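Q: Please read through the structure below; I'll follow up with questions.
We did not get these values from a lab; they are worked out from the coordinates using the rules stated. Since we're looking at a predicted model, the values are computed, not measured. Note that we place each Cβ from the backbone using ideal geometry, even for glycine, and neighbour counts take in every protein chain shown.
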Amino acid sequence: MNESFLASKEDDEVLFYLPITKTWRFQLTLALVLICHNSYQGVVELLHVLFDWLISIGIVHNRLQVAAAKAAEINPDQDLSMIKQGLHNEIFQGRMPVLTGVDAFSTYCYLLKAAEHRDEDTWGWIPSLWVRPRQNNW
């Protein structure tokens, strides 16, 4: 049984070297949460176990807040004119509703907005959801 799990010499061959910078660590933290859907604690554990980096859950949270602030600056400039059918719904972060909008065809997520309520008044005040007929396409 033990022989089944022994690494061969080929398994120990170096495939490539990875230069790790502060920017790369920041990207890895974001990727673990946003792509891998990892929890903050999972990020802390992975960085500790694989890289011997000791960071706190607060650091992970702060990094994500910085990324969210940058995204908030970029998002208003996104061209949504190609979205033909938007799918709108609510998800929850804890007890806080988050209004969502996804393009039905590309699955591009164009709306994630925390809201205190999820009623028709709340949905009605989101300008990105106001449909404007496009010329030549309707």
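Q: What ranking do Val49, Val33 get, fewest neighbouring Cβ atoms within 10 angstrom at the top?
A: The fewest-first ordering by Cβ neighbours comes to Val49, Val33.
Q: Under a 5 Å amide H to amide H cut-off, with H placed in plane at 1.01 Å, what residues pair with Trp53 once short-range neighbours are removed?
A: Correct list: His48.
Q: With n ≥ 4 as the cut-off for DSSP H runs, can you work out [θ] at 222 nm for the chain, using -39500 (n - 2.57) per run divided by the number of residues, rounded to the nearest 500?
A: -11000 deg cm²/dmol
Q: Remind me, relative contact order of the range 18-75 in percent, using alpha carbon pairs under 8 angstrom and six or more residues apart?
A: Reported as a whole number, the value is 27 percent.
Q: Sticking with this one: Can you list residues from other chains, or at least 5 along the same chain, whose modelled amide H is less than 5 Å from the amide H of Tyr110?
A: Gly101, Val102, Asp103
Q: Test of understanding: ordering Tyr40, Tyr17 by Cβ neighbours within 10 Å, fewest first, what list do you get?
A: Fewest-to-most ranking of Tyr40, Tyr17: Tyr17, Tyr40.
Q: Same structure, new question: Quick one: Karplus J couplings for the range 83-99, per residue in order, coefficients 6.51, -1.76, 1.60, θ = phi - 60°, nearest Hz, x for Gly and Pro?
A: Running phi through 6.51 cos²θ - 1.76 cosθ + 1.60 with θ = phi - 60° gives 6, 8, 9, x, 9, 10, 7, 10, 10, 10, 10, x, 9, 8, x, 10, 6 Hz.
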